[in-house]
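Novice: Have a look at the structure that comes next, please.
The values are calculated or read from the model by the stated rules, or taken from the named source; none is laboratory data. All values derive from a computational prediction rather than experimental measurement. Cβ: placed from backbone, ideal geometry, glycine included. Neighbour counts: every protein chain shown.
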Amino acid sequence: MIGNDLLGIEDLEREDIQRILDTAVHMAEVSEREVKKVPTLRGRTIVNLFFESSTRTRASFEIAGKRLSADVVNFSPATSSLKKAESILDTARTLDAMDPDCVVVRHAVAGVPKRIAEVLDAPVVNAGDGAHEHPTQALLDLFTVQQEKGRLDGLSIAIVGDILHSRVARSNIYGFTKMGAEVRVAAPPPMIPPSIESLGVKASSSLREALDGADVVMALRIQSERLAGSYIPSIREYANTFGIDRAKLAYAKDDAIVMHPGPVNRGVELSHDLTDDRPSVILDQVRNGVAVRMAVLYLLTGRRPRAVAAPDEGGLVT
Amino acid sequence: MSRILILGGRLLDPASARDETADLLLEGGCIAAAGSDLDSRGAEVIDAAGCWVAPGFVDLHTHLREPGQEHKEDIASGGRSAVAGGFTSLACMANTEPVNDDPATTDYIIDRARQESPARVYPIAAATKGLKGEIMTEMSALMAAGAVAFSDDGKTIMDSGLMRRILEYSRLVEVPVVVHCEDRMLVLDGVVNEGPVSTKLGLPGNPAAAEEVHVSRDVRLAELTGAHLHVAHVSTAGAVKTIREARERGVSITAEATPHHLTLTDAAALDYDTNTKVAPPLRSAADVEACRRGLVDGTIDCVATDHAPHAVHEKDQEYTAAPPGLIGFETAVPVVLDLVRRDEISPLELIRRFSTNPAHIIQRPGGSLADGEPGDVVVIDPNRRWTYDPAKGYSKSRNSPWAGLEMIGRTVATLVEGRLVYHVDRGVLVP
Ligand SMILES: [Zn+2]
């Protein structure tokens, strides 16, 4: 049973994940309609509390909320009172006093959504915290793979790139292993976190080994500012050794799909043609992100009691 | 001067290896006699039945925050918190504002302590001007003003050449140079021990090697210079091993461990509580085990709290932004008694590490219950159960990872210079 908040995939049971994915199927149908809107969350207020800027994720949550008829407020303390050194918890308490129905939090430091959830009454959705978790990204990845392969159980997933700094990697490791898939990670050694195998994955510094027989190849974004930390010699060397093109993709299964959380550094993580065409499913990931986030917002917010009954709760069968 | 009789306790005096039930009489600020049927006419009596009676504790690593950061702590509140924990002498680090790097500041601290603190306060002066790691301080003048050791503590001196000269020069004054061993280039932005926990939390890791590399460097420099090196807050198995081997080679080296590094692992950080953020970080279970063994076998000479108060609003931040440190005076006894309860160390040997050894390292009186020694005494009830609430403690700050936990063992009474300065039922009795 999904709890009050969605802070990480680590906290979820397999049944919780399945329930979200099943709900997302219905939400995807809404997004196919001519009028992409249902009144489910009418009168509810969702706050996007983004301490770290992210146009894509914020837009995805905003669209998801609006398709459910919620009022969505964007709040980016980075550009307002945080400059005056207001503590994150003060920000949270201030927000709590405004009585939102759901708060979506993104922060550059791991653990902040959890601390905020401890203060807030409303459900908190983690939209990415440091190198910790990014649960809705993993859910949309699971949804996309399920859609493509018809199952998750028994699949081989290869995650390639800066695992050390990646919340997407951690959430996907939890998500895919919980759903019965096998996960391998590959990266230059400085980008493989210590004891990563304690999370139930196989780690390798050989791309070929990780990709061998994989059903899904997921490339992570390389942030060039990490180079300042000297984790890799250069972007060019990374592209040569861990960048995926059609030749390297041949190590994987013939029907392997290629994923990326975006935005892609073309010619670095993925070759130009792989970014745009099959077997890449990057745009499906983006599309599914809205459906999955609608499902999460609905499951966390739609069932909460509210002071005034909504005139119409309908429009959805789940 | 008043007379105080501590009645019927278990006397633990490491200096004389005495461990027996006896009364202890204090008179004229000093230990007057131990035994039974003592002449106690006119003496105030402290009932110590079922309790341990030991030389007052000496804490070699504290941050009293005065001058300059009195919103976190001051010499008065720190001193009160210390005696409530059983500490009768404190060595305080130099990272005040201004830094304790000149005799006037040392003077000021000693003067304030004399007026305000129920515990004795011994300043540790900075090893370099402004803790900048550039120019060494005037050790002779600082010694003359009352400094008992030199340290830049958390501002680890990365310049090995300068460190060598500081150690060499310290032989002139013959006091320890205290080192916080963390290679800053290896720590980088690390805030939790690097390992499964940092991977799970997604917080930057601080590898054990950061400490181990630096301890190795400083041990070699101590060997080269013949100076007295004191390694602060040892936290890793590798550091314990390096120190043990150095002592076997005859290097002049002493070391301390904190209650938190002796009992808590990095798993304590799993819910992102910033009160678990400390430098060096809480380590793995194997590291904790090695530190305990090191304390037991004498590789680590003493327990020091690294009492480091920070205001609530300072800790109430992102894990990466919160300052490292925790308060430790009032919880040290029950926390470290865990080693006695698990039969790892005898009460007498534990007291040696709380009192006798640290007093010896800074060459100050204390650590003994012999007749004529200063009347610094602590009475401990090792079985008393209580719940720790930092808000009810004496420190101005509340940053404790043990808040709200049930404790076993408590300081019942503390005497400094033959005067009762704390009693659990009456609280701190001032100066
Ligand atoms: Zn330190």
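Novice: Taking B:Ala222 as the residue in question, decide whether it is part of a helix (DSSP H, G or I), of a type in the set (Gly, Ala, Ser) and within 16 Å of the ligand (Cβ to nearest atom).
Specialist: no
Novice: Taking only the range A:5-64 into account, find how many residues are part of a helix (DSSP H, G or I) and hydroxyl-bearing (Ser, Thr, Tyr).
Specialist: Within the range A:5-64, residues that are part of a helix (DSSP H, G or I) and hydroxyl-bearing (Ser, Thr, Tyr) number 5.
Novice: Within the bounds of the range B:263-276, is there any residue that is under 30 Å from A:His107 (Cα atoms) and within 15 Å of the ligand (Cβ to nearest atom)? Walk me through it before giving the result.
Specialist: Filtering the range B:263-276 for residues under 30 Å from A:His107 (Cα atoms) gives B:264-276.
From what's left, within 15 Å of the ligand (Cβ to nearest atom): none.
Scanning the range B:263-276, I find no residue that is under 30 Å from A:His107 (Cα atoms) and within 15 Å of the ligand (Cβ to nearest atom), so the answer is no.
Novice: Of everything in the range B:155-212, what is more than 14 Å from chain A (Cβ to nearest Cβ), hydrophobic (A, V, I, L, M, F, W, C) and part of a loop (DSSP other than H, G, I, E, B)? Give them in sequence order.
Specialist: Within the range B:155-212, B:Ile157, B:Met158, B:Val175, B:Cys181 qualify.
Novice: Can I ask one more? Can you name every residue in the range A:166-219 that is more than 14 Å from chain B (Cβ to nearest Cβ) and touching an Asp or Glu at 6+ places or on another chain (Cβ under 6 Å)?
Specialist: A:Gly180, A:Ala219
Novice: Hey, could you check the range B:380-419 for residues that are hydroxyl-bearing (Ser, Thr, Tyr) and touching a residue at least 60 places away in the same chain (Cβ under 8 Å) and say which is surrounded by the most Cβ atoms within 10 Å (Cβ to Cβ)?
Specialist: Of everything passing the filter in the range B:380-419, B:Thr414 is surrounded by the most Cβ atoms within 10 Å (Cβ to Cβ).
Novice: Here is a follow-up. Taking the range A:48-71 on its own, how many of its residues are of a type outside the set (Phe, Trp, Tyr), buried (at least 22 other Cβ atoms within 10 Å of the Cβ) and closer than 19 Å to A:Asp5 by Cα?
Specialist: 8
Novice: Of the residues A:Ala169, A:Ala228, A:Ala247, which is outside any strand (DSSP E or B) and modelled with pLDDT under 95?
Specialist: That would be A:Ala228, the only listed residue that is outside any strand (DSSP E or B) and modelled with pLDDT under 95.
Novice: Just checking, does the range B:360-379 include any residue being of a type outside the set (A, V, I, L, M), within 24 Å of B:Leu262 (Cα to Cα) and exposed (fewer than 14 other Cβ atoms within 10 Å of the Cβ)?
Specialist: No, the range B:360-379 has no match at all.
Novice: Give the residue, chosen from B:Thr254, B:Thr242, that is more than 14 Å from the ligand (Cβ to nearest atom), part of a strand (DSSP E or B) and more than 30 Å from A:Gly128 (Cβ to Cβ).
Specialist: Step by step, each of B:Thr254, B:Thr242 is checked, and only B:Thr254 is more than 14 Å from the ligand (Cβ to nearest atom), part of a strand (DSSP E or B) and more than 30 Å from A:Gly128 (Cβ to Cβ).
Novice: May I ask you to verify whether B:Pro123 is more than 15 Å from the ligand (Cβ to nearest atom), away from chain A (no Cβ under 14 Å) and closer than 25 Å to B:Cys302 by Cα?
Specialist: Values: more than 15 Å from the ligand (Cβ to nearest atom): yes; away from chain A (no Cβ under 14 Å): yes; closer than 25 Å to B:Cys302 by Cα: yes.
It is true that B:Pro123 is more than 15 Å from the ligand (Cβ to nearest atom), away from chain A (no Cβ under 14 Å) and closer than 25 Å to B:Cys302 by Cα.
Novice: Same structure, new question: List pairs: first in the range B:284-308 and without any contact (Cβ under 8 Å) to a residue 40 or more places away in the chain, second within 16 Å of the ligand (Cβ to nearest atom), Cβ under 9 Å, 6+ apart or cross-chain?
Specialist: B:Val288/B:Ser235; B:Val288/B:His261; B:Val288/B:Leu262; B:Val288/B:Leu282
Novice: Let me ask something additional. Considering only residues that are within 16 Å of the ligand (Cβ to nearest atom) and outside any helix (DSSP H, G or I), which ones fall in the range B:225-239? Give the steps one after another, and end with the answer.
Specialist: Quick first cut of the range B:225-239, residues within 16 Å of the ligand (Cβ to nearest atom) only: B:229-236, B:239.
Passing the criteria: B:Leu229, B:His230, B:Val231, B:Ala232, B:His233, B:Val234, B:Ser235, B:Thr236.
Novice: Output the residue which, of all residues in the range B:10-43 that are of a type in the set (Gly, Ala, Ser) and within 18 Å of B:Arg419 (Cβ to Cβ), is surrounded by the fewest Cβ atoms within 10 Å (Cβ to Cβ).
Specialist: B:Gly42
Novice: Same structure, new question: Restrict the check to the range B:189-201 and report whether at least one residue is closer than 23 Å to B:Thr254 by Cα, within 16 Å of the ligand (Cβ to nearest atom) and among the β-branched types (Val, Ile, Thr).
Specialist: No, because not a single residue in the range B:189-201 is closer than 23 Å to B:Thr254 by Cα, within 16 Å of the ligand (Cβ to nearest atom) and among the β-branched types (Val, Ile, Thr).
Novice: Can you say whether B:Asp102 is touching a residue at least 40 places away in the same chain (Cβ under 8 Å), charged (D, E, K, R) and within 15 Å of the ligand (Cβ to nearest atom), as far as the supplied structure shows? Before the answer, list the steps.
Specialist: Details: touching a residue at least 40 places away in the same chain (Cβ under 8 Å): yes; charged (D, E, K, R): yes; within 15 Å of the ligand (Cβ to nearest atom): no.
For B:Asp102, the condition - touching a residue at least 40 places away in the same chain (Cβ under 8 Å), charged (D, E, K, R) and within 15 Å of the ligand (Cβ to nearest atom) - is not met.
Novice: Which is of a type outside the set (Gly, Ala, Ser), modelled with pLDDT of 95 or more and more than 15 Å from the ligand (Cβ to nearest atom), of B:Glu318, B:Glu330, B:Glu314?
Specialist: B:Glu330
Novice: Any residue at all in the range B:50-71 that is β-branched (Val, Ile, Thr), within 30 Å of B:Leu131 (Cβ to Cβ) and within 16 Å of the ligand (Cβ to nearest atom)?
Specialist: Yes, the range B:50-71 contains at least one residue that is β-branched (Val, Ile, Thr), within 30 Å of B:Leu131 (Cβ to Cβ) and within 16 Å of the ligand (Cβ to nearest atom).
Novice: Can you confirm whether the range B:368-391 contains a residue that is assigned to a helix (DSSP H, G or I) and within 27 Å of A:Ala92 (Cβ to Cβ)?
Specialist: Yes, the range B:368-391 contains a residue that is assigned to a helix (DSSP H, G or I) and within 27 Å of A:Ala92 (Cβ to Cβ).
Novice: Considering only the range A:260-300, how many residues are in a strand (DSSP E or B) and buried (at least 24 other Cβ atoms within 10 Å of the Cβ)? Don't jump to the end; show me each part of the working.
Specialist: As a first pass, look at the range A:260-300 and keep what is in a strand (DSSP E or B): A:266, A:270, A:280.
In the following step, the residues that additionally are buried (at least 24 other Cβ atoms within 10 Å of the Cβ) were identified as A:270.
Final tally of qualifying residues: 1.
Novice: Oh, and also: For the range B:75-98, does any single residue satisfy the condition of being surrounded by fewer than 22 Cβ atoms within 10 Å (Cβ to Cβ), part of a helix (DSSP H, G or I) and more than 20 Å from the chain's Cα centre (by Cα)?
Specialist: No.
Novice: Next question, about the same structure. Would you please name the residue that is farthest from B:Ala17 (Cα to Cα), looking only at residues in the range B:45-74 that are of a type in the set (A, V, I, L, M) and surrounded by fewer than 24 Cβ atoms within 10 Å (Cβ to Cβ)? Before the answer, list the steps.
Specialist: Residues of the range B:45-74 of a type in the set (A, V, I, L, M): B:45-46, B:48-49, B:53-54, B:58, B:60, B:64.
Now drop any that are not surrounded by fewer than 24 Cβ atoms within 10 Å (Cβ to Cβ), which leaves B:45-46, B:49.
Numbers: B:Val45: 25, B:Ile46: 23, B:Ala49: 20 Å.
Here the residue is B:Val45.
Novice: Out of B:Leu264, B:Leu326, which single residue is more than 14 Å from every other protein chain (Cβ to nearest Cβ), hydrophobic (A, V, I, L, M, F, W, C), crowded, with 24+ Cβ neighbours inside 10 Å and touching a Ser or Thr at 6+ places or on another chain (Cβ under 8 Å)?
Specialist: None of the others qualify; the one that does is B:Leu326.
Novice: Taking the residues in the range B:126-154 that are surrounded by fewer than 18 Cβ atoms within 10 Å (Cβ to Cβ) and either among the charged types (D, E, K, R) or in a loop (DSSP other than H, G, I, E, B) (or both) as candidates, determine which candidate is nearest to the ligand (Cβ to nearest atom).
Specialist: Applying the filter and picking the extreme gives B:Lys132.
Novice: How many residues does the range A:1-29 hold that are out of contact with any helix residue (DSSP H, G or I) (no Cβ under 6 Å at 6 or more places or on another chain) and surrounded by fewer than 22 Cβ atoms within 10 Å (Cβ to Cβ)?
Specialist: Number satisfying all stated conditions: 13.
Novice: Under the condition of being touching a strand residue (DSSP E or B) at 6+ places or on another chain (Cβ under 7 Å) and surrounded by fewer than 24 Cβ atoms within 10 Å (Cβ to Cβ), which residue from the range A:145-162 is farthest from A:Ser205 (Cα to Cα)? So that I can check it myself, show each step before the final result.
Specialist: From the range A:145-162, those touching a strand residue (DSSP E or B) at 6+ places or on another chain (Cβ under 7 Å) are A:145, A:148, A:155-161; that's our starting set.
Next, only the ones that are surrounded by fewer than 24 Cβ atoms within 10 Å (Cβ to Cβ) stay: A:148, A:155-156.
Working: A:Glu148: 28, A:Leu155: 21, A:Ser156: 17 Å.
Looking at the filtered set, the residue picked out is A:Glu148.
Novice: Here is a follow-up. Of the numbered conditions (1) within 14 Å of chain A (Cβ to nearest Cβ); (2) not in a loop (DSSP other than H, G, I, E, B), B:Ala321 fails exactly one; give the number of that condition.
Specialist: B:Ala321 satisfies every listed condition except (2).
Novice: Considering only residues that are free of Cβ contacts under 8 Å to residues at least 40 places away in the same chain, within 30 Å of A:Ile173 (Cβ to Cβ) and not charged (D, E, K, R), which ones fall in the range B:188-219?
Specialist: Those that are free of Cβ contacts under 8 Å to residues at least 40 places away in the same chain, within 30 Å of A:Ile173 (Cβ to Cβ) and not charged (D, E, K, R): B:Leu188, B:Pro196, B:Thr199, B:Gly202, B:Gly205, B:Pro207, B:Ala209.
Novice: Give B:His233, B:His228, B:His180 a once-over and let me know the one that is under 18 Å from B:Thr265 (Cβ atoms), in the same structural domain as B:Arg283 (by TED's automatic domain parsing) and in contact with a strand residue (DSSP E or B) (Cβ under 8 Å, 6 or more places away or on another chain).
Specialist: Being under 18 Å from B:Thr265 (Cβ atoms), in the same structural domain as B:Arg283 (by TED's automatic domain parsing) and in contact with a strand residue (DSSP E or B) (Cβ under 8 Å, 6 or more places away or on another chain) holds for just one of B:His233, B:His228, B:His180, which is B:His233.
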